[in-house]
Amino acid sequence: MTPARTACEVERFRSAIARELGLFFEDARLSLLENLLDRRATARACSRSSYLAELESGGFRGERAALAQELTIPETYLFRHIDQFHAFRDVALSELLLSPRAAGRMRVLSAGCATGDEAYSVAILLREAGVERSPHVFVRAVDVNPVVLDRARRARFGSWALRETPPEVQRRWFCEDGRELVLDESVRRFVSFEERNLVADDPELWSEGSYDVVFFRNVVMYFTPEHARAVIARIARALVPGGYLFLGHAETLRGLSHDFSLHQSHGAFYYQRKHAQLQPFAESSDRIASLQAQGAGVARELDTGWAEAISRASERIRVLSAGRESREPAEAARRAAPELTSTLELLGRERFVQALDSLQQLSTDASRHPDPLLLQAVLLAQSGDLGRAEKVCHELLELDELNAGAHYTLALCREGAGDRRGAAGHDRTAIHLDPAFSMPRLHLGLLARRAGDVASARRELMQALVLLEREDASRVLLFGGGFRREALIALCRAELGTCGKGS
């Protein structure tokens, strides 16, 4: 078989997996897919080409489940990332069980539940709170892999799966059976397990207002961007307004949805569905997505990354202008692009006043777009006008609450106002939204060092040093305060040296 034919077949297999399961596999993992393709073709007693043809036509009964068994390898345990369960217990559970509005309702979805550890952790907290199972209090756990669901229903665990479970919880809700620990039936009855494909538009699973809380942890990172956005949109529809969404620690909704507000409690981030859908900016975002689908070649989601955001800002403003009803936008668009480019050039030369002046030349519609607002906030902060910079940041966050750049700029403003705790909070939010963003790491390290927290300072500065080495030049230009990459790296090293002497 020729290498070209092999590559074509593996690419067809990758596309079929993305379509059927929503899973994304990078080029570096194509050899894994090739081996799996061979195994599945052998299991079906056919050639690669025959297997692919049958798979693509939907002719294989049970093949999706077989692929799920091979490709979804659950690695979980009870009370994993326990800070999120503390936030669930003390925020979501308290509100929904004590609020008259909720009337004692608690409908939880564990999406991608694997062996049930997450769903049972929620059920244990419900029992700990003295809640009884009812039609309005339940945990619905779904997964595409039938093998792990069978294990989940047995509710039998090894000691390693309970390594983060508090000892008193183990004593209260588990009993020993040989080398296994069996969960109490009063907890088990809260949870129902179902085989469901999350990427399918399942009207019953995603019916409007079905859930008060959704746990969707460590799943979205494996999906293709298209499937990730679609599943998050379904979750937003299925959650009641104000409902809670918990993602994995390394996951954010940045670039995926504007339907949620970000919150923090007990050291954990979580989201709440907004009570009203977003207005002008959401419509503009939808219009851009529509143009993309028509092959207009417009930028992707507006906040996929600040490195790309700066380079694409002029084009996005052009598209937004072109969507206006009047016939003026074409001329406005031709003016907007060079003006924004000029602003960036002036920023690079630290001519902040002139750069701010150039932003005033944008049309009203364009100037209310997130990119110009971020530029304005950064320029105001770097000019020392922290009060106005903070105001602009809040305007920006009304449009795009998950904007990492705005939170970092707010951190600088809060520090200038003497609010170091608030500054650190905005830095952490920026890091959560964009883990590759070096500047909030650097700023958080500097704040910790000045507060005498040497261990935290070293940790954050080391992270910043690694990230600065590969930070995009345009993002260094925008957020670097006039310092080049080399100067910022030197600053990190100098501060680390100070931490070393003080430790």
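The values are calculated or read from the model by the stated rules, or taken from the named source; none is laboratory data. Given the structure is predicted, the values throughout are model-derived calculations rather than measurements. FYI the Cβ positions are ideal-geometry reconstructions off the backbone, even for glycines, and counts take in every protein chain you see.
Of all the criteria given as (1) assigned to a helix (DSSP H, G or I); (2) within 16 Å of the chain's Cα centre (by Cα); (3) modelled with pLDDT under 50, the one not satisfied by Asp303 is (1).
Note on segment 390-412: residues that are closer than 16 Å to Asp427 by Cβ and surrounded by 24 or more Cβ atoms within 10 Å (Cβ to Cβ) amount to 11.
For Lys391, the criteria (1) farther than 20 Å from Gly255 by Cα; (2) in the same structural domain as Leu468 (by TED's automatic domain parsing); (3) among the basic types (Lys, Arg) hold in every case but one, which is (2).
Condition check for Gly242 on (1) surrounded by fewer than 20 Cβ atoms within 10 Å (Cβ to Cβ); (2) among the small types (Gly, Ala, Ser); (3) at pLDDT 95 or above; (4) over 30 Å from Arg19 (Cβ atoms): one failure, at (3).
With the condition being charged (D, E, K, R) and over 19 Å from Asn145 (Cα atoms), I'd like the strands (runs of 3 or more DSSP E) fully within segment 172-261 carrying at least 2 qualifying residues.
In segment 172-261, 174-177 are the strands (runs of 3 or more DSSP E) which contain 2 or more residues that are charged (D, E, K, R) and over 19 Å from Asn145 (Cα atoms).
Checking Ala464, Ala436, Ala457 one by one, the residue that is assigned by TED's automatic domain parsing to the domain that holds Leu412 and surrounded by fewer than 17 Cβ atoms within 10 Å (Cβ to Cβ) is Ala436 and no other.
The residues of segment 224-239 that are under 14 Å from Leu21 (Cα atoms) and either crowded, with 22+ Cβ neighbours inside 10 Å or among the small types (Gly, Ala, Ser) (or both), listed by number, are Ala228, Ala230, Val231. Count of segment 16-64 residues, restricted to those that are surrounded by fewer than 18 Cβ atoms within 10 Å (Cβ to Cβ) and at positive phi, is 3. Quick check, is Arg89 farther than 23 Å from Leu149 by Cα and modelled with pLDDT of 90 or more? Considered against the rule, which asks whether it is farther than 23 Å from Leu149 by Cα and modelled with pLDDT of 90 or more, Arg89 comes out as yes.
The residues of segment 1-11 that are modelled with pLDDT of 85 or more and surrounded by fewer than 17 Cβ atoms within 10 Å (Cβ to Cβ), listed by number, are Cys8, Glu11. Among the helices (runs of 4 or more DSSP H) confined to segment 389-500, the ones with at least 2 residues that are among the polar types (S, T, N, Q) and in contact with a helix residue (DSSP H, G or I) (Cβ under 8 Å, 6 or more places away or on another chain) are located at 454-470. Screening Tyr77 against (1) among the hydroxyl-bearing types (Ser, Thr, Tyr); (2) free of Cβ contacts under 8 Å to residues at least 60 places away in the same chain; (3) outside the structural domain of Glu164 (by TED's automatic domain parsing) leaves a single unmet condition, (2). Residues that are under 23 Å from Phe24 (Cα atoms), buried (at least 17 other Cβ atoms within 10 Å of the Cβ) and in contact (Cβ under 8 Å) with a residue 60 or more places away in the chain within segment 175-204 comprise Asn197, Leu198, Val199, listed in sequence order. Among the conditions (1) modelled with pLDDT of 85 or more; (2) surrounded by 15 or more Cβ atoms within 10 Å (Cβ to Cβ), the only one that Pro135 does not satisfy is (2). Looking at Glu164, Glu70, just one residue is more than 15 Å from Glu194 (Cα to Cα), in contact (Cβ under 8 Å) with a residue 12 or more places away in the chain, assigned to a helix (DSSP H, G or I) and in contact with a helix residue (DSSP H, G or I) (Cβ under 9 Å, 6 or more places away or on another chain), and that residue is Glu70.
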